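Structure first, then comments.
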Amino acid sequence: MTTPIITLKVNVTLIEKARLFKGEKGTYLDLVLIPTPNSDYGDYLIKQSVKKEERDIKMPILGNAKIMGQAKPKPEADAPAEEEPDEQDSVPF
């Protein structure tokens, strides 16, 4: 089984620079992928991560992510409505 590849497209101008984490080996951007199974744009939306106590803060959507190499299932079309029976068919005898 092959491992799926996930591609991301991020609008870097929306990144809150104050939330970047400076570590010993570089500066890090913590992102969150949120599944969007019915979206036309991607399989996930991307937001910048927030601390647990900041969960009520609405972060902007930075972009989308898509799983490559897997066919996305198409939503099933609504089943046709059943036709009303003729009055002759609804007679109880």
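Please treat every number below as a calculation from the coordinates, not as lab data. Bear in mind that the values here come from a model prediction, so they are computed numbers and not experimental data. In this analysis, Cβ positions are derived from the backbone assuming ideal geometry, glycine residues included, and neighbour counts consider all displayed protein chains.
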Q.
If a residue must be of a type outside the set (S, T, Y) and crowded, with 16+ Cβ neighbours inside 10 Å, how many such residues does the range 32-58 contain?
A. 7
Q: Considering only the range 1-27, state which residues are surrounded by 12 or more Cβ atoms within 10 Å (Cβ to Cβ) and outside any loop (DSSP other than H, G, I, E, B).
A: I6, L8, K9, V10, L14, R19
Q | Selection from the range 31-63 of residues that are under 19 Å from I5 (Cα atoms) and touching a helix residue (DSSP H, G or I) at 6+ places or on another chain (Cβ under 9 Å) | A | G63
Q: Could you please find all residues in the range 28-38 being over 14 Å from S49 (Cα atoms) and part of a strand (DSSP E or B)?
A: P35
Q) What number of residues within the range 40-54 satisfy the criterion of being more than 18 Å from the chain's Cα centre (by Cα) and basic (K, R)? A) 2
